[in-house]
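Just so you know, all these numbers are worked out from the coordinates, no wet-lab data involved. Source: prediction; values computed, not measured. We place every Cβ from the backbone using ideal geometry, glycine too, and count neighbours over all the protein chains shown.
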Amino acid sequence: MANVETIVLGGGCFWCTEAVYLEVTGVVAVESGYSNGDQPRQPSYQDVCTGDTGYVEVVRLQFDPELISLREILEIFFVVHDPTTLNRQGNDVGTQYRSGIYYARDEQKQVAESVIAEMVASGVYRSPIVTEVTPLADYWPAEAYHQNYFANHPGQGYCAAVVAPKVQKFRKTFLQHVKS
């Protein structure tokens, strides 16, 4: 694993996004966190939930590009969340739930913009894609109790009603990428 890449994605509640990517072949680490906010110190979940910090709930993915490409990572991303709703995913509303791709290198930006352009051209969504593609800034890991949340709390109401269907959608749509 000498050639591991990192990308940070905001797709609504980080519990959902984390649960999906933990099952993806080639993804070697997933961490829930916060990024691209306004305050110069590590925010708490309570801070971020106010919607006043500018931070977005994200997952930081480390992946082996010999097993899965960034393009494939992003194709999964655009299927398991709605990139057309500004500052909202289902009942989760606020700037902290915005759709975003936070890149570290210009090559990642180019891939993200290419994937978005192809989706727009294909007409797969009826509404415009509002996913922001911006440089990663101020990443902070979320509190320990948020890590592996779905795996640790599968029967919790939100997990059963919201997270589980997204994981099932991933498994059904991307069978070739499901870890065995």
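Some notes on this structure:
- Placing pseudo-labels 7 Å out from each Cα toward the beta carbon at Val124 and Asp64 gives an inter-label distance of 2.6 nm.
- Over the stretch 44-124, relative contact order from alpha-carbon pairs under 8 Å, at least 6 apart, %: 30 percent
- Built from the Cα atoms of the stretch 76-180, the convex hull projects on average onto 8.3 nm², one quarter of its surface area.
- Length-normalised contact order of the stretch 5-177 in % [C-alpha pairs under 8 Å, at least 6 apart]: 32 percent
- Largest-first ellipsoid semi-axes for the chain, taking √(5λ) over the Cα gyration tensor eigenvalues, angstrom: 22, 19, 18
- Percent RCO, i.e. relative contact order, over the stretch 80-180, from Cα pairs under 8 Å lying at least 6 residues apart: 27 percent
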